[in-house]
Amino acid sequence: MCQSCLSWYARCVAPYIVHAGCSANAFADMRKRMIPRAAGFVVEVGFGSGLNLPYYDVGKVKRLVGIDPDGTMLGLAEPKSRSVPFDVDCIRASGERLPLADSFADTVVVTYAFCTIPDPEAALTEIRRVLKSTGRLIFIEHGQAEGTRCRKWQERLNLVWGRFAGGCHLNRDPLQLIRAAGLHVVEAERDRFRLPFWQLGSHHAGIAIPGTG
Ligand SMILES: C[S@@+](CC[C@H](N)C(=O)[O-])C[C@H]1O[C@@H](n2cnc3c(N)ncnc32)[C@H](O)[C@@H]1O
């Protein structure tokens with residue numbers, strides 16, 4: 001495919017494909033269990049089309065700031081943002097440069113976005129900066145499979161998959177990224193994706209807190 005077709009696809013088609021894919025039932029179960037645990041001032045990095053919004057506990061969230069660089073995704077999130085009873089600010093920005101003060105957030109939520117953010121290490125440094133020392137990162141991610149056969153397929157498919165799925169990488173290790181950023185993973189569960197999403201590999205959910213060092 002030529003370069004201008006690829007950039008047209010990335011702008012005009014990929015956001016709808018990603019929204020449709022992330023709306024699948026395979027992702028709903030982890031959202032249902034993890035998202036209600038967010039509380040206080042919440043920042044969601046890689047907010048996308050706002051698919052977590054129905055799962056927030058309205059009694060616990062004071063305000064939600066949704067960060068995403070993709071205007072089309074934020075446009076899809078807008079009607080849902082207006083339908084929840086707490087304040088939602090959607091900000092078009094990158095996770096690598098969060099337009100928020102230090103220690104702003106009680107909770108940072110990241111779901112299926114460390115796979116896509118071009119520089120996840122920089123985004124995690126920013127997440128640490130905006131998290132209060134008592135705050136928590138809630139994450140749900142996919143990444144490197146445990147089995148070598150699936151892992152090999154993830155490596156083979158990675159480039160093409162990324163082009164068609166909004167820049168998503170199949171071969172990242174979210175737990176390793178989170179730990180390398182100096183966050184302590186205090187809860188982690190791991191499952192694996194099945195058909196038709198087997199290529200997404202491992203399915204992770206958990207909580208991480210700022211380290212002391
Ligand atoms: C697979 S989607 C997941 C969306 C949403 N979190 C969900 O669970 O449905 C990945 C999201 O990461 C966003 N993204 C891409 N680059 C980013 C960056 N540099 N900083 C923050 N988010 C980014 C994409 O625009 C997209 O909305």
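None of the figures in this text is laboratory data; all of them are computed from the coordinates on show. Treat the numbers as computed from the prediction; the structure is a model and nothing was measured. Cβ sites come from the backbone with ideal geometry, for glycine too, and all protein chains shown count toward neighbours.
Structure values in brief
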read-out	value
Residue that is farthest from the ligand (Cβ to nearest atom), among those in segment 98-112 that are in contact (Cβ under 8 Å) with a residue 60 or more places away in the chain and touching an Asp or Glu at 6+ places or on another chain (Cβ under 8 Å)	V108
Residue count for segment 108-135, restricted to those that are among the charged types (D, E, K, R) and touching a helix residue (DSSP H, G or I) at 6+ places or on another chain (Cβ under 8 Å)	1
Matching residues in segment 162-174 - criterion: being surrounded by 20 or more Cβ atoms within 10 Å (Cβ to Cβ) and part of a helix (DSSP H, G or I)	P174
Answer from E146, E189 - the residue that is in contact with a helix residue (DSSP H, G or I) (Cβ under 9 Å, 6 or more places away or on another chain), touching a residue at least 12 places away in the same chain (Cβ under 8 Å), loosely packed, with under 15 Cβ neighbours inside 10 Å and farther than 17 Å from E44 by Cβ	E189
Qualifying residue in segment 136-145 (condition: touching an Asp or Glu at 6+ places or on another chain (Cβ under 7 Å), outside any loop (DSSP other than H, G, I, E, B) and within 13 Å of the ligand (Cβ to nearest atom))	yes
